[in-house]
Structures are given as structure tokens and as C-alpha cells.
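The values are calculated or read from the model by the stated rules, or taken from the named source; none is laboratory data. As the structure is a prediction and not an experimental result, all values here were calculated from the model. Cβ atoms come from the backbone with ideal geometry, glycine included; neighbour counts cover every protein chain shown. The protein model used for the area step is the full one, side chains on, heavy atoms only, and it has no ligands, DNA or RNA in it. Shrake-Rupley method; radii C 1.70, N 1.55, O 1.52, S 1.80 Å.
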Amino acid sequence: MTLDDLKLEASTCTGCALSERRTNVVFGEGDPQSPLVLIGEGPGETEDKMGRPFVGRAGQLLDKAINEAGLQRSQLYITNTVKCRAADWSTGKPVNRAPVEAEVQACRRWLEPQVALLKPKVILCIGAPSAKNLIKKNFQITKERGIYFPCEFARTAIATLHPSYILRQMNISGDGGYSLLVADITRAWEAAQKLAKQSHD
Ligand code: URA
């Protein structure tokens, strides 16, 4: 099974109710050989339309932070724990919502083989829901971001603030934690490079 085979299979998934309203399955993109994989929560409206992860407002801030960390987005692989947009349709107009536990669990059938094929040295969890899913259930993002943790899917995992959270915080005061996002990407890349080099030596 290759990553492309898995992506093709995922594109017709009906494993949970999110499949009923989605436009596109947002499988993930980037360099499959990258030692660093970024994993967010799930696609929003723009991602659902485009079929690509992190391409809306939050994605633009993430791109800026990646560049500020001295990297290009194409050097990384970017995906989400849940591959279809979660939205509340009760008012007729979809409003993004966090995926529920059953949706997160249903989507493990894609995330687990995907990460097993990517074999990253480091996983950078973007936001608390991703860290709770991949590092530990009781992960506390403000206290535990930027710290290396053991992870069953990579040599180590580290979590950072979600760019959507940073955008909301920016409206309240200062940089909203943006400098921490840049610092965590930098740190995660340094660790990934170091581990990749060790395995080649
Ligand atoms: N937020 C996420 O967690 N993932 C995306 O792809 C976009 C926004």
C-alpha cells in the first residue's frame, strides 16, 4: 500500500457522518519524505472546498510562521487528525465545529496508516485537540506546548498553539502567541533534522 493508494481509498470514505456533507476529503500534502509532519485538527470551509489542509486564514498564518522559521511549506508534510470538515448545519448555514470523539476515532483508520507510511522523525501537533489525540488525552496546551513527548507514531512529538487560536488572541492583545508558534516549528524542525542525521550516520 502506497500513500497514493491510501489517499485514493480515503477519497470515497463513508466511515462517519462527516462524509455526507463534505466537498472533498482533505487527505494531506507535502513532502512524504520529510522528517517533520504537522498534524492539525480538521479541515475548515476553505480546506473542504480546495481539498488541501491549512489553506484558509489559519493556514496563511501557519505558512507565515513556517517561513519565519526558515522553512518552506513544501519541505514538510501537513495533514489533520480528521480528514473531512466538521460543521454544525442546524441553522442551515454551516458553522465550523470541533470534530467529536467518534469522528476522531473513525478517522484513525486513515491517520494511522498514513503516519505509518510517512515514518516521520517528529510530529508537530497543531493545537490541543491534535495533541490530545496523538500525545496524551489530558494534554494541556498552554503548559505543555514546546516540550518533546514520546509518541507511538514517531520518534517524538511536540505540540504548538493552533493558528486559529492565535488569530483570536491577536484580536485581544499582542502577538497572540505567534512567536511561540514560530519557536515551536523551529524546535521541531531542528529535532527532526538531528534525528534524521543520526539514522543516516
Ligand atoms: N484548522 C486545522 O486544524 N486544519 C486545517 O486544515 C485548517 C484549519
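When you check A86 against the structure, is it more than 9 Å from the ligand (Cβ to nearest atom), open to solvent by less than 20 Å² (accessible area, probe 1.4 Å), within 17 Å of C16 (Cα to Cα) and in contact (Cβ under 8 Å) with a residue 60 or more places away in the chain, yes or no? Spelling it out, A86 is indeed more than 9 Å from the ligand (Cβ to nearest atom), open to solvent by less than 20 Å² (accessible area, probe 1.4 Å), within 17 Å of C16 (Cα to Cα) and in contact (Cβ under 8 Å) with a residue 60 or more places away in the chain. The residues on offer are V104, V115, and the sole one that is buried (at least 21 other Cβ atoms within 10 Å of the Cβ), of a type in the set (V, I, T), closer than 28 Å to K194 by Cβ and more than 10 Å from the ligand (Cβ to nearest atom) is V115. The residue of segment 89-112 that is farthest from S164 (Cα to Cα), among those that are in a loop (DSSP other than H, G, I, E, B) and touching a residue at least 60 places away in the same chain (Cβ under 8 Å), is W89. All of (1) more than 16 Å from the ligand (Cβ to nearest atom); (2) surrounded by 16 or more Cβ atoms within 10 Å (Cβ to Cβ) hold for G30 with one exception: (1). Take A65 and tell me if it is touching a helix residue (DSSP H, G or I) at 6+ places or on another chain (Cβ under 9 Å) and away from the ligand (no atom under 13 Å from the Cβ). Judged against the criteria, A65 is a match.
If the condition is being closer than 13 Å to L118 by Cα and open to solvent by 50 Å² or more (accessible area, probe 1.4 Å), then segment 6-27 contributes only K7. The combined condition, being under 30 Å from D5 (Cβ atoms), open to solvent by 50 Å² or more (accessible area, probe 1.4 Å), assigned to a strand (DSSP E or B) and not aromatic (F, W, Y), is not fulfilled by P129.
Quick one: in segment 132-175, which of the residues that are buried (at least 16 other Cβ atoms within 10 Å of the Cβ) and hydroxyl-bearing (S, T, Y) is nearest to the ligand (Cβ to nearest atom)? Step by step, filter segment 132-175, then rank; the result is S164. Selection within segment 176-201: residues that are touching a helix residue (DSSP H, G or I) at 6+ places or on another chain (Cβ under 8 Å) and of a type outside the set (G, A, S). The member of this set that is nearest to the ligand (Cβ to nearest atom) is L181.
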